[in-house]
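Enquirer: Would you mind keeping the following structure in view while I ask a few things?
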Amino acid sequence: MKKYFPVIIHCLIIHSLVYSNDFSSSQLVSENATPQNFYPDMTVTEDGTIYVIWVNTTDGGDVYFSKSTDHGVTFSEYVAVNQSPNHASSIGFNGPKIAERNDTLHVLWADQRGGYDHTSAYYARSVDGGITWEETQVGHGYGINLYPELMVDSDGIIHAVFHYFQPGSWSYRHIAHTRSTNGGDSWSDFKTVSNYNPGEPCDCCPINLHELPNGQLIAGFRNNLNNIRDMYSVQWNSSNSSWGNLSPMSYDNFYVSYCPASGPSLVSQDSLIGMAYMAESDGESRVYLALSEDMGDTFAVKIPMEMTSVTNVFQNHPSAVITGDGNIHVLWEDSRDNGNILYGVLESGQDFMSDISAVNDSMTNSQEIAPNLGKDAEGYLYAVWVDCRYGRHIRFATTYPIPLSNQGSFTPDQFSVSPAYPNPFNPSTQFDLTLDYASVAQVTVYDITGKEVESIFDGYLEKGYHKIKWQPGSISGGIYLIHFRIGMQEKTYKTIYLK
């Protein structure tokens with residue numbers, strides 16, 4: 001493997017975001033769900049089958065599942081994973097987790113069916129591709145379990161960890177770990193993940209379970225020692241079923257008195273371990289990539305995603321994967337331009353991130369959050385995130401080359417609109433608008449010089465038929481252009497107002 005240069009170095013100066021890269025136009029995953037969707041997680045099989053889960057908070061909370069067998073051209077109708085409706089928790093970044101092995105799907109989430117003070121971790125599995133699910137409680141029966149994390153190791157053992165709090169007082173106890181060696185039929189007694197010396201885990205920051213190339217299981221998390229919140233890991237000792245001592249992964253001396261709600265994202269290949277994480281720089285939260293070339297003994301390299309001369313930029317919630325060529329790919333939240341999901345890649349042998357660009361559509365006018373990145377065996381990338389325009393929906397994009405014949409069906413913002421009728425008109429005219437997918441929409445009136453006259457509509461439209469009516473106010477008669485922008489597609493129609 002090519003070497004990465006030590007220490008922190010190159011800072012790529014970016015003054016404005018780039019909205020072009022190898023990612024496709026975004027697809028709406030939560031198309032028919034109500035617009036209260038949060039914290040997606042995704043797993044991608046070697047052949048590119050995509051499984052996505054998230055929490056929908058309508059009427060409480062449910063874990064929704066959808067899949068795509070054509071690399072994201074289409075997604076299935078969502079189904080609920082949890083069997084007791086309206087109890088899935090969405091506190092903080094407390095979303096569900098999903099893993100796949102040998103055609104069996106595994107899901108873990110925090111559930112409040114026993115009451116708020118008895119939020120517990122629940123596990124479900126599906127052996128028919130997500131059509132049906134069977135579930136069981138795996139968390140503490142007496143206690144509060146939040147921020148669950150799930151993984152299936154190379155031996156097929158299912159591991160589940162979560163933060164454990166004392167009921168009533170909500171005093172923090174520890175990170176708890178349980179595992180199943182029989183495909184989820186039964187689960188082990190709980191083990192404490194760390195001895196917490198010094199400090200204790202940041203109790204509202206997600207945990208990351210990761211299996212190294214040598215089969216070693218590690219748990220990465222943000223530690224809290226008198227509000228110094230750096231990243232640490234502990235190793236699982238399978239011979240005596242216990243966790244080892246804390247090992248530092250970041251050395252930022254990151255002081256923060258509030259909870260950053262952000263954990264590490266770990267990747268590895270051969271002797272290289274990469275960790276994408278958030279820390280503070282000059283009073284602003286920034287995302288970095290720390291590298292270890294000695295299987296985690298030291299993390300001597302720290303690379304910023306990118307640095308900018310613009311102030312008041314905040315980054316968080318990175319998600320990373322490593323592809324077979326040794327390149328490390330990262331998604332993260334960025335606060336510029338009202339909030340975007342940015343992508344960057346550390347190419348093998350380089351010491352700086354490149355191809356920095358936004359994955360979401362360039363017309364975003366509100367925050368995009370909670371990105372998650374996956375890959376298939378060929379190195380194609382798959383991204384999901386929460387789009388906060390007009391509610392909260394789950395969006396998807398991929399670097400997989402969509403065939404030209406499918407481009408139309410892949411683009412989620414297709415629409416058709418009739419010419420204005422009547423035209424010429426007085427006092428009003430209207431259009432018949434049909435959307436193939438739910439989408440954000442703007443309908444704007446311009447005069448013949450291109451000056452904006454008024455906005456007819458600016459909001460969110462559901463899939464299907466809509467009647468758009470324009471009745472001018474106190475303007476003079478003449479030619480006016482009606483401009484439709486639905487998602488990333490645009491059409492303009494000429495009208496004549498008689499007065």
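Enquirer: Can you run phi through the Karplus equation (6.51, -1.76, 1.60; θ = phi - 60°) for the range 38-49 and list ³J(HN,Hα) in whole Hz, with x for Gly and Pro?
Expert: Per-residue couplings from phi come out as 9, 6, x, 10, 8, 10, 10, 7, 4, 8, x, 6 Hz.
Enquirer: Pull out the extension gain between D436 and D128, defined as 0.36 nm times the separation in residues minus the alpha carbon to alpha carbon distance; nm, one decimal.
Expert: Length gained, D436 through D128: 108.0 nm.
Enquirer: Past the 41 angstrom mark, what percentage of all C-alpha to C-alpha distances in the chain do you count?
Expert: Numbers: 28780 of 124251 pairs.
In whole percent, the long-distance tail amounts to 23.
Enquirer: Can you tell which of F221, V345, P85 lies farthest toward the positive end of the dipole of the chain, using +1 and -1 charges on the Cβ of basic and acidic side chains (Lys, Arg; Asp, Glu)?
Expert: P85
Enquirer: Continuing with this model, one more query. Of the cross-linked pairs K451/K491; K451/K499; K67/K302; K97/K191, which ones have a Cα-Cα span greater than 25 Å in the structure shown? Don't skip to the answer; put the middle values down first.
Expert: Numbers: K451/K491 17 Å; K451/K499 20 Å; K67/K302 36 Å; K97/K191 20 Å.
Exceeds cut-off: K67/K302.
Enquirer: About the Cα centre, and with charges only on the beta carbon of Lys, Arg (+1) and Asp, Glu (-1), how big is the dipole of the range 27-406? Nearest 20 debye, please. The partial results should precede the final answer.
Expert: Details: 17 positive and 45 negative charges, 181 e Å.
Using Cβ point charges on Lys, Arg, Asp and Glu, the range 27-406 gives about 880 debye.
Enquirer: Additional query: If I model a spin label as a point 7 Å beyond the Cα along the Cα-Cβ vector, how far apart are those points for N226 and D103 in nm?
Expert: Roughly 5.7 nm, to one decimal.
Enquirer: Further question on the same structure: Among I496, H393, V321, pick out the residue whose Cα is farthest towards the positive end of the charge dipole of the chain, where Lys and Arg carry +1 and Asp and Glu carry -1 on C-beta, about the Cα centre.
Expert: I496
Enquirer: A follow-up question, please. Please compute, for the alpha-carbon atoms of the range 16-127, the extent along each of the three principal axes and give them in descending order in Å.
Expert: Cα spread of the range 16-127 along its principal axes, largest to smallest: 46, 40, 24 Å.
Enquirer: Of Y277, P198, S335, which is farthest on the positive side of the dipole of the range 27-406, counting Cα position, with +1 on Lys and Arg Cβ, -1 on Asp and Glu Cβ, and the Cα centre as origin?
Expert: Highest projection toward the positive end goes to P198.
Enquirer: If you wrap a convex hull around the C-alpha atoms of the range 231-286 and split its volume per residue, what is the figure in Å³? Present the calculation step by step, with values, prior to reporting the outcome.
Expert: Values: hull volume 6.7 nm³, N = 56.
Hull volume normalised by residue count: 119 Å³.
Enquirer: With a ≥ b ≥ c taken as the square roots of the eigenvalues of the C-alpha gyration tensor of the range 415-497, please select rounded if a/c is under 1.5 and otherwise prolate if a/b is larger than b/c or oblate if it is not?
Expert: Details: a/c = 2.09, a/b = 1.65, b/c = 1.27.
In terms of gyration-tensor shape, prolate.
Enquirer: Here is a follow-up. Given H placed 1.01 Å from N in the peptide plane, which residues other than close sequence neighbours of H140 have an amide H under 5 Å from its amide H?
Expert: A121
Enquirer: Along the range 131-142, what does the Karplus equation 6.51 cos²θ - 1.76 cosθ + 1.60 (θ = phi - 60°) give for ³J(HN,Hα), rounded to whole Hz, x for Gly and Pro?
Expert: 6, 10, 9, 10, 10, 7, 7, 10, x, 4, x, 10
Enquirer: Among M249, M231, rank each residue by its count of other Cβ atoms within 10 Å, from fewest to most, as a rough exposure measure. Walk me through the intermediate numbers first.
Expert: Details: M249 24, M231 29.
If I rank by nearby Cβ atoms, fewest first, I get M249, M231.
Enquirer: For C259, enumerate residues with amide H under 5 Å from its amide H, sequence gap 5+ or separate chain, H modeled in the peptide plane.
Expert: Correct list: empty.
Enquirer: Counting each DSSP H run of 4 or more residues in the chain as -39500 (n - 2.57), what helix-only mean residue ellipticity at 222 nm follows after dividing by all residues, to the nearest 500 deg cm²/dmol?
Expert: Values: 1 runs with 7 residues, N = 499.
Helix contribution divided over all residues of the chain: -500 deg cm²/dmol.
Enquirer: What residues have an amide H closer than 5 Å to that of M151, excluding those fewer than 5 places away on the same chain, when H is modeled at 1.01 Å from N in the peptide plane?
Expert: Amide H neighbours of M151: H159.
Enquirer: Here's something else I'd like to know. Only four residue types carry charge here, +1 at the Cβ of Lys and Arg and -1 at the Cβ of Asp and Glu. Report the dipole size of the range 408-499 about the Cα centre in Debye, rounded to the nearest 20. Let's see the in-between values first.
Expert: Working: 8 positive and 9 negative charges, 52 e Å.
Result for the range 408-499 is approximately 260 debye, rounded to the nearest 20.
Enquirer: In addition: Hey, fewest Cβ within 10 Å first, where do C259, C388, C204 land in order? Please list the in-between numbers first.
Expert: On the way: C259 14, C388 18, C204 21.
With the fewest neighbours first, C259, C388, C204 line up as C259, C388, C204.
No value in this document is a laboratory result; all are computed from the given coordinates. These figures come from a predicted structure and were not determined experimentally. Note that we place each Cβ from the backbone using ideal geometry, even for glycine, and neighbour counts take in every protein chain shown.
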